[in-house]
Amino acid sequence: MTSVAPATASTRLTASTDASSRIDEAFRALARAFRAWQLYLPNNPTRERALEMARAAFTAVLEDESDGLVVRVREQEFACGDRVVHREAERPTDGLPWLLYRDGVRELTILPGFADDGLATLLGLLQRAKQAAPDEDDLITMLWVADIPSLRYRFVELGGPVETSVLSTQADGSDDPGDRPGADVPAVETAMPTGAPPGLVRLEDFDSALFFLDQRELAYLQEELRSEFVSEPRQSVLAALFDIVETQRDERVRLEAIQRIEDVLLDVLTTGAYELAATALREARTTGTRAPELTPAVHDALTGLSAQLSEPTVLAQLLQAIDEGQRAPAADVLEALVSELRASALTPLLAWLAHAPTGVARSAVERAVVRLAERHTAELVRHLDAGDDNIVLSALRLCAQLRTAAAVPVLARRVRDTASAYRLEAVQALAAIASPGALQAIEPLIDDADREVRLAALRAVGVHRYAAALPRLSRALQRKELRQAERSEKTAVFDAFGAVCGADGVALLDGMLNARSLLGPRESTEMRACAARALGVVGSELAFAALRRSVDTKDAVVRNEVARALRGGTT
């Protein structure tokens, strides 16, 4: 007999511990289900799973509690007997205990059958109570109207001179008038009590200083306020909608969720929340590749989010809003948004870049447009023939920046069009590309009628040492028009000739520098100085020998240019 008693006590202790664990798990599951009801739509599988887990947990608890589970409600916790079964420590004012306690509920009695016919109803009532306006029904009224058979509750009626306990609907479902809220509240006597009622909390009981909270409480309140004002509810909405698109298999549900995403996207763009818009477009792109078994309609709807924003009319309005806004968006935010756009967005973006003032917004958009044009080269080349001069100008500059070889045929046609206002920009783009085809298109422009175009062509030929231009440069050196040209043009012709001629051109340059007649040098001072400069560009021993023959010339300008060329300088 002595060995039976300890075994029996141990068995009872184990059973009691298991029951306590099941109760704790039931209320944790209830808290998780309540959060899921707030975050997800009714058809979301996450919400359904949370509800099923709570049902299973309460079913297991109520199998051992045939008379019902009595739970006391406190501000931050639920207690069963002398033990706390659930506590909301991190955010107490958002938890279930406070929501019930706030509206006067002080005790719950959960009866068998609650998991099947009362749990979902209670969660719905709690969600309504949390979102209710001050003039709407409180939780006590909602519970009374719902009349859940498997749930009893005890509450106190707040607001009178004395808090009075009132019992809820009986378990047998009887409709005794005494069961209604306030039915058994005793009549209030005419004479008001003279002193404060027991348990009443008054502000005068606290410190009379302005701040009577301790530092830990103040820090907590400040952090909660900061997180409340910093948080963006629309981000949570978008995350939930994209979760639905990923997890739901019903095409109609997915399309409806995408429609709601489009509504939110329009709202964030209207309010200038460009970072959130960029996040939504990026998430739509990744969801299109990550979500399982997307139908063509769902995939098109996802990709259509960025396609709609890329439409010229829509994007033009967005860029106008950025121009007229009092505060420019952050550079990284604007760049991230533009990077998610489609090829059709190039038209308004190029038009905007042509007149946008220098600043953070322009730099950000320009970086994003460069990446966009790299992905859509054909679309960029097509804009070289656009009817809008602003678009053509931006496209020319972008082709030069990207060195787009595919644009060479269109650029070559542009430079031959003497009526074009952008021939110089086209030459500079060809010079930046510097492919054989581009340099071949530039060579004839050495003799162009436009001085700026000639200079650009000469510099391009000289920098890239395009040897095929040597015959044309030789003829240019011997023309009489060159003698009458400005010094900058003479310098450009001689520099280009010196860069491509090599040893074959030294004799011609030597004759211009050193040849003399009976009356002195045959060439003018400027022509001789330019010849000395070109010999310095050639840089061969034969060229240096020709330069040394003019070291002691009486012309100071020529002498200085010769000395500079011998030192290896050309400027």
* modelled with pLDDT under 80, part of a helix (DSSP H, G or I), exposed (fewer than 15 other Cβ atoms within 10 Å of the Cβ) and assigned by TED's automatic domain parsing to the domain that holds MET142 - does that describe any residue in the range 93-116? -> yes
* **Scope the range 377-414; condition under 18 Å from TYR466 (Cα atoms) and surrounded by 19 or more Cβ atoms within 10 Å (Cβ to Cβ); matching residues** => VAL408
* Filter the range 260-288 for residues that are in contact (Cβ under 8 Å) with a residue 40 or more places away in the chain and of a type in the set (S, T, N, Q) and give the result. => THR279, THR287
* Asked: Is one or more of the residues making up the range 468-476 more than 20 Å from PRO444 (Cα to Cα) and charged (D, E, K, R)?
  -> no
* When you scan the range 457-535 for helices (runs of 4 or more DSSP H) that lie fully inside it, which ones turn up with 3 or more residues that are within 58 Å of the chain's Cα centre (by Cα) and surrounded by 13 or more Cβ atoms within 10 Å (Cβ to Cβ)? -> 470-477, 487-501
* Asked: Given the conditions (1) within 17 Å of the chain's Cα centre (by Cα); (2) surrounded by fewer than 16 Cβ atoms within 10 Å (Cβ to Cβ), which single one is not true for GLN320?
  -> (1)
* **Wholly enclosed helices (runs of 4 or more DSSP H) of the range 333-425 bearing at least 2 residues closer than 30 Å to ILE446 by Cβ and touching a helix residue (DSSP H, G or I) at 6+ places or on another chain (Cβ under 6 Å)** => 377-382, 389-402, 408-416
* **Residue among ALA89, ALA56 that is hydrophobic (A, V, I, L, M, F, W, C) and out of contact with any helix residue (DSSP H, G or I) (no Cβ under 8 Å at 6 or more places or on another chain)** => ALA89
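The values are calculated or read from the model by the stated rules, or taken from the named source; none is laboratory data. Every value quoted in this text rests on a predicted model; they were computed, and no experiment measured them. So basically every Cβ, Gly included, is an ideal-geometry build from the backbone, and we count neighbours across all protein chains shown.
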